[in-house]
Amino acid sequence: MKYSVFYSNEPKEYKAIAEIYSNIPHDSVNTVLLFISENYDLKMISAGIKKVFEGMQIFACTSKTLIYNNSFKSYGIVAIGFYKEDVNSEIIYIRDINDFSNNKAELFSLNFKTKNSDFFKYPSSYIGIIFYNNLLNNEISLQLSQFFNPINIMGVIPSSSNLTPLFFNGECFSEKSAVLLILKCKTQIIPYNLANVLPTEQPLVVTFCNESERVVYELNSEKAANVISKLIGCNITDIDENKLNNNPLLIRYKNKIAPIVIKRINEIDLSIEFFIKVTLGTVLRLGINDDICGSTQKHLIELEKTLGNFKFNLIFDSTYRYLNAKQNNILKSYSESFNNFNCYGCTTQTEYLQGINHNSTLSGVAFLE
């Protein structure tokens, strides 16, 4: 499988896009992914994409932090080009994610499967990635996963500061839109998820919550914030972002456990707020981060042994893992965990894989040789 990657830190929007275009073999490439830092004027970036990449399948989104050449970049644009001889793509634009339904998910899947009749025979040749905003309906990933089965659908909410701009056909959308990118490759495409969190033993049962507001008021019939502060071992007023990143809660989905980060603690009513819905009766456990550098490299080595040699990895790494490494002064060592695995992508607030929410993990798509 052939691909081309280029990174531009040119500060001028048009020059950056032109530089990327001149370094991506556009005669051989038909699909380009662009991950863009937030410092650019997005209207100018959009106009540049539309003018320069005319006739090509382009997907782009913003993120606080980019991943290129096994390192983190807070400034610039990462471009990944797929060669037309190896990869075909389709981009489905969803205008209003809040108006999305099972009927629409089924219609999208039927239209796609009709045009790609080998999907059931070779499902591992396909991957779908739905990009959307951090303020929108999170259930769309689960709906698409159900109807596109056995094709894997990954949901990605990039780590933009506010609304996540998405670029489709040279136009910029953000408020209610989502974009589903589907790739078909001649080699296998395998999605995966890695975590470095160990569970503690004490179960925490949600005994009072507001599901729609994503707020938990009581755990084990006690004020939720009091319970969390006791387990972390500090006063509520001393719980900062670093402590929350170091101590995510773990939630069980069927037979899998996934970490979820607390968004904020309310010192007035002693409630805790999450990025995702948590229902009454949910059993949580406090998690403890375990050697993010060593465990990440170990997981990637084991994955490659299991799956086969990686050609490259498209990765979406939780911004909470990134902040954890940065705050603990191990960011360089952490980025070196990606050495030898050709990792490119961006940091995210949340990823969804097979309908399961992950917001303190690394999700990736391995393109095998």
Got at least one residue in the range 196-212 being surrounded by fewer than 22 Cβ atoms within 10 Å (Cβ to Cβ) and at positive phi? no
Extreme residue, farthest from VAL278 (Cα to Cα), among residues of the range 331-348 that are of a type outside the set (Phe, Trp, Tyr) and touching a helix residue (DSSP H, G or I) at 6+ places or on another chain (Cβ under 6 Å): SER333
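Sort through LYS43, LYS73, LYS64 and tell me the only one that's in contact with a strand residue (DSSP E or B) (Cβ under 8 Å, 6 or more places away or on another chain) and at pLDDT below 90.
Details: LYS73 fails: at pLDDT below 90; LYS64 fails: at pLDDT below 90.
On inspection, the qualifying residue turns out to be LYS43.
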How about the range 67-91: which of its residues are out of contact with any Asp or Glu (no Cβ under 7 Å at 6 or more places or on another chain) and among the β-branched types (Val, Ile, Thr)? ILE77, VAL78, ILE80, VAL87, ILE91
Output the residues belonging to the range 355-369 that are within 25 Å of SER125 (Cβ to Cβ) and either in contact with a Phe, Trp or Tyr (Cβ under 6 Å, 6 or more places away or on another chain) or part of a helix (DSSP H, G or I) (or both). ILE356, SER363, GLY364, ALA366, PHE367
Unmet criterion (only one of (1) farther than 16 Å from SER71 by Cα; (2) at pLDDT 90 or above; (3) not in a strand (DSSP E or B)) for CYS293: (1)
Filter the range 223-275 for residues that are in contact with a helix residue (DSSP H, G or I) (Cβ under 9 Å, 6 or more places away or on another chain) and assigned to a strand (DSSP E or B) and give the result. LEU249, PRO259, ILE262, LYS263, ARG264, ILE265, ASN266, SER271, ILE272
May I ask you to verify whether TYR352 is over 30 Å from GLN146 (Cβ atoms), assigned by TED's automatic domain parsing to the domain that holds TYR132 and either aromatic (Phe, Trp, Tyr) or assigned to a strand (DSSP E or B) (or both)? no
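Looking only at the range 327-349, filter to residues that are in a helix (DSSP H, G or I) and modelled with pLDDT of 90 or more; which one of those is surrounded by the fewest Cβ atoms within 10 Å (Cβ to Cβ)?
Once the filter is applied, the top-ranked residue is LYS332.
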Taking strands (runs of 3 or more DSSP E) that fall entirely within the range 75-181, which contain at least 3 residues that are under 19 Å from VAL365 (Cβ atoms)? 77-83, 87-94, 126-132, 153-158
Here is a check on your reading of the model: is THR282 among the polar types (S, T, N, Q) and within 28 Å of TYR126 (Cα to Cα)? no
When you check ILE260 against the structure, is it under 24 Å from the mean Cα position of the chain (by Cα), crowded, with 20+ Cβ neighbours inside 10 Å and not assigned by TED's automatic domain parsing to the domain that holds THR65, yes or no? yes
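The values are calculated or read from the model by the stated rules, or taken from the named source; none is laboratory data. None of the values given here were measured: they were computed from a predicted structure. Virtual Cβ from ideal backbone geometry, glycine too; neighbours counted across all protein chains shown.
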